[in-house]
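Reading through the structure tokens given below for one structure.
The values are calculated or read from the model by the stated rules, or taken from the named source; none is laboratory data. Nothing here was measured: the structure is a model prediction, and the numbers come from that model. Please note: Cβ atoms are built from the backbone with ideal geometry, for glycine as well, and neighbour counts cover all protein chains shown.
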Amino acid sequence: MKGPLVIAIDGPSAAGKGTLARRLAAHFRLPHLDTGLLYRAVGLLAEKSGRRPGEVATALQPSDLADPDLRTDQAGQAASKVAALPEVRDNLLNFQKKFAYQASGAVLDGRDIGTVICPGAPVKLFVTASLEARAERRHRELRERGLDTIKPRVLAEMAERDRRDSERAAAPLQAAPDAFLLDTSDMDADAAFAAALAFIERKGFRSSGP
Ligand code: CDP
């Protein structure tokens, strides 16, 4: 018998993981965890409080994930620094595994979901796009939120984060061998959703809704 539907979505910054994860979660009526928020919260709280990131990771509260500052690029950079620490990753592991293996099934997006958190997930997607396309999207997104940014800076910071996330020893960003590769450089959100859904349906999973 087929087990619960667990969808593991990985990929670099601004590739479209978050939007895709939210849409798939709504379509299949599954709970969704944006695991980047956990690392953002640890990064930001450790910076603000001066406490050890590993210690912050053990004491994370749901309310810590609601801070609007978590969406800034400063939080993204802080996240990618603490995310390289094995102690931080270890302390966030159980919470993510529990979320992934709840009876309903789940959607998780991040960097190591298909490789470390739930390598047994029946659906793994690796969502990527060119650095140029991702920087353009992130730049637009930040501008829409009223933040003053220039594109060359967004691109340089994104390249730096890509490098840090891919080259670190602890759970580096990489596609699981059985992940479906989705390059969204020339796709809008609807096209990416349609491609992912077709893959998931080929695996025999359908939405039970009307
Ligand atoms: O939204 P964006 O893709 O820019 O970033 P995010 O998913 O919120 O992740 C922020 C940072 O957290 C990443 O650059 C990674 O360093 C780290 N992260 C991680 O190491 N593992 C995860 N499962 C999720 C995020």
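Name every residue in the range 160-186 that is outside any loop (DSSP other than H, G, I, E, B), surrounded by fewer than 17 Cβ atoms within 10 Å (Cβ to Cβ) and of a type outside the set (D, E, K, R), in order of residue number.
Passing the criteria: SER166, LEU181.
Return the only residue of THR128, THR115 being closer than 16 Å to ALA21 by Cα and either surrounded by 13 or more Cβ atoms within 10 Å (Cβ to Cβ) or touching a helix residue (DSSP H, G or I) at 6+ places or on another chain (Cβ under 7 Å) (or both). Full working, then the answer.
On the way: THR115 fails: closer than 16 Å to ALA21 by Cα.
Criteria check complete, one pass: THR128.
So, in the range 29-59, exactly how many residues are closer than 30 Å to ARG202 by Cα, more than 10 Å from the ligand (Cβ to nearest atom) and surrounded by 18 or more Cβ atoms within 10 Å (Cβ to Cβ)?
2
Determine whether VAL116 is of a type in the set (Val, Ile, Thr), within 17 Å of the chain's Cα centre (by Cα) and under 13 Å from VAL6 (Cα atoms). Full working, then the answer.
Working: of a type in the set (Val, Ile, Thr): yes; within 17 Å of the chain's Cα centre (by Cα): yes; under 13 Å from VAL6 (Cα atoms): no.
So VAL116 does not fit the description; no.
From the list ALA8, ALA15, which one is within 17 Å of the chain's Cα centre (by Cα), within 30 Å of ALA195 (Cβ to Cβ) and assigned to a strand (DSSP E or B)?
Working: ALA15 fails: assigned to a strand (DSSP E or B).
Among ALA8, ALA15, only ALA8 is within 17 Å of the chain's Cα centre (by Cα), within 30 Å of ALA195 (Cβ to Cβ) and assigned to a strand (DSSP E or B).
Of the residues GLU136, GLU157, GLU132, only one is acidic (Asp, Glu), over 21 Å from VAL6 (Cα atoms), assigned to a helix (DSSP H, G or I) and in contact with a Gly (Cβ under 9 Å, 6 or more places away or on another chain); which?
Only one candidate passes the filter, namely GLU157.
Report, ordered by the first and then the second residue, all pairs with beta carbons closer than 6 Å, sequence separation of six or more or different chains, a first member in the range 159-174 that is touching a residue at least 12 places away in the same chain (Cβ under 8 Å), and a second member that is charged (D, E, K, R).
ASP165/ARG111; ALA170/ARG89; ALA171/ARG89; ALA171/ASP112; LEU173/ARG111; LEU173/ASP165
Return the residue satisfying two criteria in turn: it lies in the range 90-144 and is under 23 Å from ALA192 (Cβ atoms) and basic (Lys, Arg), and of such residues it is farthest from the ligand (Cβ to nearest atom).
Result: ARG143.
Among the numbered criteria (1) away from the ligand (no atom under 13 Å from the Cβ); (2) of a type outside the set (D, E, K, R); (3) surrounded by 15 or more Cβ atoms within 10 Å (Cβ to Cβ); (4) not in a loop (DSSP other than H, G, I, E, B), which single criterion is violated by ALA26?
In the conditions (1) away from the ligand (no atom under 13 Å from the Cβ); (2) of a type outside the set (D, E, K, R); (3) surrounded by 15 or more Cβ atoms within 10 Å (Cβ to Cβ); (4) not in a loop (DSSP other than H, G, I, E, B), ALA26 misses (3) alone.
Restricting to the range 143-168, and then to whatever is of a type in the set (A, V, I, L, M) and out of contact with any helix residue (DSSP H, G or I) (no Cβ under 7 Å at 6 or more places or on another chain), can you tell me which residue is modelled with the lowest pLDDT? Lay out the reasoning, then the answer.
Of the range 143-168, the ones of a type in the set (A, V, I, L, M) are 147, 150, 154-156, 158-159.
Okay, now just the ones that are also out of contact with any helix residue (DSSP H, G or I) (no Cβ under 7 Å at 6 or more places or on another chain), so 147, 150, 156.
Numbers: LEU147: 84, ILE150: 91, ALA156: 95.
Going through the qualifying residues, I end up with LEU147.
Looking for something outside any loop (DSSP other than H, G, I, E, B), under 18 Å from ASP162 (Cβ atoms) and either out of contact with any Leu (no Cβ under 9 Å at 6 or more places or on another chain) or of a type outside the set (Ser, Thr, Tyr) (or both) - is there at least one such residue anywhere in the range 51-61?
At the first step, the residues of the range 51-61 found to be outside any loop (DSSP other than H, G, I, E, B) are 53-58.
Narrowing further to those that are under 18 Å from ASP162 (Cβ atoms): none.
For the range 51-61, residues outside any loop (DSSP other than H, G, I, E, B), under 18 Å from ASP162 (Cβ atoms) and either out of contact with any Leu (no Cβ under 9 Å at 6 or more places or on another chain) or of a type outside the set (Ser, Thr, Tyr) (or both): absent.
Specify which of the listed residues (ASP73, ASP64) is surrounded by 15 or more Cβ atoms within 10 Å (Cβ to Cβ), over 23 Å from PRO119 (Cα atoms), more than 13 Å from the ligand (Cβ to nearest atom) and modelled with pLDDT under 95.
Values: ASP73 fails: more than 13 Å from the ligand (Cβ to nearest atom).
From the options ASP73, ASP64, the qualifying one is ASP64.
State whether the residues of the range 172-189 include one that is within 16 Å of the ligand (Cβ to nearest atom), at pLDDT below 95 and over 21 Å from VAL107 (Cα atoms).
Looking for residues that are within 16 Å of the ligand (Cβ to nearest atom), at pLDDT below 95 and over 21 Å from VAL107 (Cα atoms), one finds none in the range 172-189, hence no.
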